[in-house]
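For reference, the structure is listed below as C-alpha cells.
The values are calculated or read from the model by the stated rules, or taken from the named source; none is laboratory data. Worth saying up front: this structure is predicted, and the values here are computed from it rather than measured. Glycine also receives a Cβ, built like all others from the backbone with ideal geometry; neighbour counts cover every protein chain displayed.
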Amino acid sequence: MQKRKLGANGPEISAIGYGAMSFSDMYGPTNEAESHAILDACRDMGVTHLDTANIYGMGKSESAIGSYLAKNPGARDEFVIATKATITRDKDGNRTFDNSAEHLEQELDKSLERLGVDCVDLFYAHRRDPRLTPEETAANLGRMVEKGKARAIGLSEISPVTLRRAMAAYPVAAVQSEYSLSTRFPDLGLVQACAELGVAMVAFSPVGRSLLTDSPIPKERVPDLPFLAENPRFMEPNLSENLRITEGFRALAREMGTSAAALANAWLLTRGDHVIPIPGTRSVKHLKECVAAADLELSADDLARIEAVLPVGWAHGDRYSDAQWIGPERYC
C-alpha cells in the first residue's frame, strides 16, 4: 500500500482510506458483523485511515469501530482515526452548525466514549459555523489538541479562503471535501491551496455515490435511500443520463483490465500526492476494488482516455439539492 502524509507534520497513512459513513444505514441497512468484516479487510490490505463522524447513524459508525477495537487488542495502534462534529439541530428541528469550543468538546467526549479511545488522531469541524470566523473555529478545534483529546485538526467542505484564514490561527492537517470524476470543483482552488499549505486533501465520495462503479445503485433502490432520493443526480431524468454516460467509463475500466471503482480512485491519486480518497462501502469485495487503485499506475494516455469519456462537467444535476447545500461553502 502506498503511503501519504496526513498534513505537513502528521503521520504516514495509507493512500486509500476508509469512509465509515457506510457503518451507518446511509446507503442501506448494515450491522456490526458486516462493519467488523470491513475493518478486518482494512487491516489485511493495509488501509490504516478510518474516517467517521458523530452523526453517522447518530453514533452507530463510531460505536462499530469502538466495539471492533475492544474485541481486537492492538488494533488501535494500526489505525489513524478521524471523527467530526458540528452538525446539530435547533429547538425546531432545523439543521444548524456549532463550532463553539463548548459544543466541540462535548461532542468529542461522546465520540471518544463510543470509540473507546482517549484521543483521536484527527478532529474535524464537519461544517463551518457562520457565526464564527475561520480563525475562531480553528482555535476552538486546537483546544482539543492542547487538551490531549485530538492529535490534529481538520475542516470539511470549506473554501480555500477559509483554509488560509484558519491556518493563520492553528495548523490544519486535513481538509475534507467531496471530490471525484463527477465532482471536480476542488480543482478550482482547494486542491492547490492544500498542496501549497501542506494540508492533506481527503476526498470523500470518490466513486460518485456509486455512479463510478461497475454496479451503480439500481434505480429502484433510490427511493428507499433518503439522501439519494433527494439528490439531483439520482433524480430523473438526470439519473438515466448519468448511468448512460458512465457506461463508457465502465467499458474503459474493463478494457484496461480493472474495475471502475479502482480506476476512479486511481484517477484521484494522480491529482497530487496530498490527495487521499476515502471510499465507503458495506462490501468487502467493493472495498478490495477501491483499494486496488493504489497498485494502478496511470499514464498520460490513460488520463486522456478517462477525460475523453468523462469530460469536466459531464454530470447531469447538481451534487446537492438546495437543502443538502446548507453548510458546504461555495467558492466558484
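Some observations on this one:
- The set of residues in the stretch 167-188 that are of a type outside the set (S, T, N, Q) and over 15 Å from Ser156 (Cα atoms) comprises Ala168, Ala169, Tyr170, Leu181, Arg184, Asp187, Leu188.
- Of all residues in the stretch 144-170, those that are of a type in the set (Asp, Glu) have Cβ atoms under 7 Å from Cβ atoms of residues that are assigned to a loop (DSSP other than H, G, I, E, B), 6 or more apart or on another chain, in Glu157/Arg127; Glu157/Gly327; Glu157/Pro328; Glu157/Glu329.
- The residues on offer are Lys71, Lys84, Lys5, Lys60, and the sole one that is more than 27 Å from Ile217 (Cβ to Cβ), within 19 Å of the chain's Cα centre (by Cα) and in contact (Cβ under 8 Å) with a residue 24 or more places away in the chain is Lys5.
- Scanning the stretch 284-321 for residues that are of a type in the set (Ser, Thr, Tyr) and either without any contact (Cβ under 8 Å) to a residue 12 or more places away in the chain or in a helix (DSSP H, G or I) (or both) turns up just one, Ser299.
- Beta carbons closer than 9 Å, at least 6 apart along the sequence or on distinct chains, pair a first residue in the stretch 11-39 that is free of Cβ contacts under 8 Å to residues at least 24 places away in the same chain with a second that is part of a loop (DSSP other than H, G, I, E, B) for Glu12/Leu6; Glu12/Thr48; Pro29/Arg282.
- Candidates Ile276, Ile306, filtered to the one that is out of contact with any Asp or Glu (no Cβ under 8 Å at 6 or more places or on another chain) and under 14 Å from Gly17 (Cα atoms): Ile276
- Out of Asp121, Asp109, one residue alone is of a type in the set (Asp, Glu), within 22 Å of Thr48 (Cβ to Cβ) and out of contact with any helix residue (DSSP H, G or I) (no Cβ under 6 Å at 6 or more places or on another chain). It is Asp121.
- Filtering the stretch 245-261 for residues that are closer than 25 Å to Leu39 by Cα, part of a helix (DSSP H, G or I) and among the aliphatic types (A, V, I, L, M) leaves a non-empty set.
Residues are listed down the side, and each one gets a yes or a no for (1) within 14 Å of Pro216 (Cα to Cα); (2) at pLDDT below 95:
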residue: Glu241; (1), (2): yes, no
residue: Ile245; (1), (2): yes, no
residue: Ala253; (1), (2): no, no
residue: Leu268; (1), (2): no, no
residue: Gly280; (1), (2): yes, yes
residue: Val291; (1), (2): no, no
residue: Ile326; (1), (2): no, yes
residue: Cys332; (1), (2): no, yes
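- Top-ranked residue of the stretch 71-102 - restricted to ones that are in contact with a helix residue (DSSP H, G or I) (Cβ under 9 Å, 6 or more places away or on another chain) and among the polar types (S, T, N, Q), ranked as surrounded by the most Cβ atoms within 10 Å (Cβ to Cβ): Thr83
- Of all the listed residues (Arg165, Arg143, Arg221, Arg184), the sole one being touching a Ser or Thr at 6+ places or on another chain (Cβ under 9 Å) and surrounded by fewer than 22 Cβ atoms within 10 Å (Cβ to Cβ) is Arg165.
- Against the criterion of being in a loop (DSSP other than H, G, I, E, B) and either within 19 Å of Ala264 (Cα to Cα) or under 18 Å from the mean Cα position of the chain (by Cα) (or both), Leu228 does not qualify.
- Picking from residues in the stretch 46-81 that are touching a strand residue (DSSP E or B) at 6+ places or on another chain (Cβ under 8 Å) and among the aliphatic types (A, V, I, L, M), the one that is modelled with the lowest pLDDT is Ile55.
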